[in-house]
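The values are calculated or read from the model by the stated rules, or taken from the named source; none is laboratory data. Every value quoted in this text rests on a predicted model; they were computed, and no experiment measured them. Note that we place each Cβ from the backbone using ideal geometry, even for glycine, and neighbour counts take in every protein chain shown. Ligands, DNA and RNA are stripped out before the accessible areas are found, and what is left, the full protein with its side chains, is counted by its heavy atoms. Shrake-Rupley method; radii C 1.70, N 1.55, O 1.52, S 1.80 Å.
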Amino acid sequence: MNIFGVGTDIINISRIKRSLKKKTFIKRIFNPIEISKCKKIKNSYSCFAKRFAAKEAFSKALGTGISRGINLNEIITINKKNGKPFIMLVGKTKKIVERKLKKKKYKISLSISDEKNFAVAFVTISA
């Protein structure tokens, strides 16, 4: 597999904290799976911020940014049982990615972290 793209994003957690006060923001950006997970966590703002950064980093790795039919709530950041985060694509966004990569088989690698005021994500896409 060759690396198709890489992307990184950093965000101030307080920015997400302010945005989460708007119900439309939550539904437009996050998938119900992510919302459910983050609401169960004590520091939910950090959880949401890491997922937001992952979506932004993914769009940068894809080379499209947030446009051309990419829906942020169709880029889902979840965790394996061992805690490792990964990105799952659904809906129209999944189809766009398959067309852009010209393959149905690809690998998305994700690393996310946070420290006090910031959350960061790094994504590679291999095809």
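Normalised by 2.2 N^0.38 Å, where N is the number of residues, the alpha-carbon radius of gyration of region 4-127 equals 1.00. Using a Gaussian network model of the chain in which every pair of alpha carbons under 10 angstrom is joined by a spring, one finds that among K37, K23, K107 the greatest mean-square fluctuation is at K23. Coordinate range of the alpha-carbon atoms in region 2-49 per principal axis, descending: 39, 22, 22 Å. For the chain, the longest principal axis of the C-alpha atoms and the axis of helix 44-62 are separated by about 20°.
Would you mind putting 119-126, 89-96, 54-61 in packing order, based on average other-beta-carbon counts within 10 Å, highest first? Write out the running numbers ahead of the final one.
Values: 119-126: 21.5, 89-96: 15.4, 54-61: 24.0.
Sorting 119-126, 89-96, 54-61 by mean packing, highest first, produces 54-61, 119-126, 89-96.
Just reorder D9, D114 by solvent-accessible area, largest first, 1.4 Å probe, all chains present.
So the residues, ranked largest to smallest area, are D114, D9.
Computed on protein heavy atoms with a 1.4 Å probe, the accessible areas place S46, S36 in the order S36, S46, largest first.
Structural descriptor for the chain: relative contact order 38 percent, calculated from alpha carbon pairs under 8 angstrom and at least 6 residues apart. Springs join every pair of Cα atoms under 10 Å in this Gaussian network model of the chain, and among K50, K103, K39 the largest mean-square fluctuation is at K103. With a Cα cut-off of under 24 Å and a minimum spacing of 8 residues unless on different chains, the lysine pairs in region 29-78 number 9. Placing one identical point scatterer on every Cα of region 62-127 and ignoring solvent, what is log10 I(q)/I(0) from the Debye formula at q = 0.13, 0.16, 0.24, 0.25 Å⁻¹? Values returned for q = 0.13, 0.16, 0.24, 0.25 Å⁻¹ are -0.40, -0.60, -1.18, -1.24. These residues, S113, S19, go from largest to smallest accessible area, 1.4 Å probe, as S113, S19. Applied to region 4-20, the Karplus parametrisation 6.51 cos²θ - 1.76 cosθ + 1.60 on θ = phi - 60° returns per-residue 3J(HN,Hα) values of 7, x, 10, x, 9, 8, 10, 9, 6, 4, 5, 5, 5, 4, 5, 5, 5 Hz, with x for Gly and Pro.
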